[in-house]
Amino acid sequence: MRARWRLVRRWAWTKTAVAARSADAEDAHLRESTHLTVDAATRAAEATLKAAEKENQRITVAVVDRNGNTIVTLRGDGAGPQSYASAERKAFTAVAWNAPTSELVERLEQAPNLEDIPGTLFLSGGVPVTDEGAPIAGIGVAGAPSGALDETFARAGVDALTR
């Protein structure tokens with residue numbers, strides 16, 4: 001956990017920033033959240049690409065923030081043109097549901113209309129990045145011959161953040 005603090009930035013209102021507010025309202029309206037820095041997202045994406053290169057796979061990796069906004073996307077040499085959008089959508093899906101997309105694929109059998117939600121892609125290859133169990137980012141990979149490989153590479157990116 002200590003290594004992660006070098007990779008994330010905590011944003012919070014300080015008491016001096018809210019001194020003008022009443023003491024009762026102060027705690028009720030403010031929350032602290034953890035965000036991945038650009039440096040951490042880039043490190044995760046590069047680790048993901050390296051894991052794929054070791055397996056001679058050409059992929060695209062996307063890292064999105066808690067809101068699904070892209071922090072960084074890296075398209076590996078020779079990755080297919082469709083992999084860019086797929087990686088971003090897998091990352092968004094993983095962070096939105098705080099679950100690997102491989103697990104979410106199984107949920108579609110019970111609720112097939114989930115895939116109608118804009119921006120989502122229920123294919124294996126997306127994993128959430130969490131801090132104390134809460135999702136703070138998502139990593140999505142596309143381009144390998146199977147979703148299982150995509151997810152393995154995405155997990156290498158998450159692992160790079162905890163070293």
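The values are calculated or read from the model by the stated rules, or taken from the named source; none is laboratory data. What you are looking at is a predicted structure, and each value in this text was computed from that prediction instead of being measured. Quick reminder, even Gly has a Cβ in these numbers, built from the backbone with ideal geometry, and neighbours come from all protein chains shown. To get the accessible areas, we keep the full protein, side chains included, count just its heavy atoms, and leave off ligands, DNA and RNA. Shrake-Rupley method; radii C 1.70, N 1.55, O 1.52, S 1.80 Å.
In region 144-163, the residues that are free of Cβ contacts under 8 Å to residues at least 24 places away in the same chain form Cβ pairs under 8 Å with partners that are open to solvent by less than 50 Å² (accessible area, probe 1.4 Å), at six or more places apart or across chains, as follows: SER146/SER124. All but one of (1) within 14 Å of ASP131 (Cβ to Cβ); (2) part of a helix (DSSP H, G or I); (3) modelled with pLDDT under 90 hold for ARG9; which doesn't? Result: ARG9 fails condition (2) only. Any idea which of VAL105, VAL158 is β-branched (Val, Ile, Thr), open to solvent by less than 70 Å² (accessible area, probe 1.4 Å) and farther than 18 Å from LYS50 by Cα? The conditions single out VAL105. Filtering region 120-131 to residues that are open to solvent by less than 50 Å² (accessible area, probe 1.4 Å) and in contact with a Ser or Thr (Cβ under 8 Å, 6 or more places away or on another chain) leaves THR120, LEU121, PHE122, SER124, GLY125, GLY126, VAL127, ASP131.
Considering only residues in region 48-102 that are of a type outside the set (Gly, Ala, Ser) and on the phi > 0 side of the Ramachandran plot, the one that is most open to solvent (accessible area, probe 1.4 Å) turns out to be ASN56. On inspection, ALA45 passes the criterion of being open to solvent by less than 10 Å² (accessible area, probe 1.4 Å) and modelled with pLDDT of 95 or more.
Filtered by the rule that a residue be under 14 Å from the mean Cα position of the chain (by Cα) and open to solvent by less than 20 Å² (accessible area, probe 1.4 Å), region 132-150 gives ILE136, ALA137, GLY138, ILE139, GLY140, VAL141, ALA142, ASP150.
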